[in-house]
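Colleague: Input: one structure, supplied below.
The values are calculated or read from the model by the stated rules, or taken from the named source; none is laboratory data. Since we're looking at a predicted model, the values are computed, not measured. Note: areas computed on protein heavy atoms with side chains; ligands, DNA, RNA excluded. Shrake-Rupley method; radii C 1.70, N 1.55, O 1.52, S 1.80 Å.
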Amino acid sequence: MAASVAAQPACPAGDLRAELLAVHETTRRAHLLGDAALLAGTSAERLLMADNGSVRVQSNAELSRFFTGYFQRVRYREWRDASPPRVTISPDGTMRWMAVEVEARYTQPDNPGAGEKTFKSSWIATYQRDGCAWRMTGMASNVVG
């Protein structure tokens, strides 16, 4: 007997590249607003992370807790693309990945003497459809500055 597979919901047809760029825009807004829940909403339940010389699995709840604390310590003044994101879509459209390069400026409200900080970050993230939404499933990143 064949295993049954739950049918995916019928999602509105759209521009495949624009769908992923919309997720990236949500990520940008989440940083500028300091909204950890908005940011966590773009990730899958489990996220494979490669950074700082290690590879680990982070739950969505852990990601949300991390950014809740982080956004309490920093206020972004700018978070913008340093170059246009590069989007790649699998031939069947079920998997996508995006390479991103951003420049950012932030302050630390609890440490006004530290002044404004800047950094540049780049990453490659993988995405998979969850219902009609695209969720980040993996990320390899680095930060300079």
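Colleague: Over the Cα atoms of the chain, Rg to Rh with Kirkwood Rh, two decimal places?
Modeller: Numbers: Rg = 16.7 Å, Rh = 16.5 Å.
My calculation puts Rg/Rh at 1.01.
Colleague: Between the helical axis of 60-73 and the dominant principal axis of the chain, each derived from Cα atoms, what acute angle in degrees is found, rounded to the nearest 10?
Modeller: 20 degrees
Colleague: Counting residues in region 62-110 as N, plug N into 2.2 N^0.38 Å and put the Cα Rg over that result. Please report the intermediate quantities before stating the final value.
Modeller: Values: Rg = 15.4 Å, N = 49, 2.2 N^0.38 = 9.7 Å.
Dividing the Cα radius of gyration by 2.2 N^0.38 Å gives 1.59.
Colleague: Summarise the accessible area of the chain (1.4 Å probe, protein heavy atoms) by the percent that is carbon and sulfur.
Modeller: On the way: 4740 of 8660 Å².
Within the chain, the accessible surface is 55 percent carbon and sulfur.
Colleague: Among bridges DSSP assigns within the chain, what percent are antiparallel (round to 5)? Working shown, then result.
Modeller: On the way: 40 of 44 bridges.
Close to 90 percent.
Colleague: Roughly how much of Cys132 is accessible, in Å² to the nearest 10, using a 1.4 Å probe?
Modeller: Here the residue's solvent-accessible area equals roughly 70 Å².
Colleague: Further question: If you line up the long axis of helix 16-33 against the longest principal axis of the chain, both from Cα atoms, how many degrees apart are they, to the nearest 10?
Modeller: The angle comes out at about 30 degrees.
Colleague: Now for a separate question. What does the accessible area per residue of region 36-138 come to in Å², with a 1.4 Å probe and no ligands, DNA or RNA counted? Working shown, then result.
Modeller: Numbers: 5640 Å² over 103 residues.
Here the per-residue accessible area is 55 Å².
Colleague: Relative contact order (percent) for the chain, with alpha-carbon contacts under 8 angstrom and 6 or more residues of separation? Provide the component values of the computation, followed by the final result.
Modeller: Numbers: 260 pairs, mean separation 33.7, N = 145.
Relative contact order, the chain: 23 percent.
Colleague: Name the long-range amide H neighbours of Asp130: under 5 Å, sequence gap of 5 or more, or other chain; modelled H, no Pro or chain starts.
Modeller: Arg135
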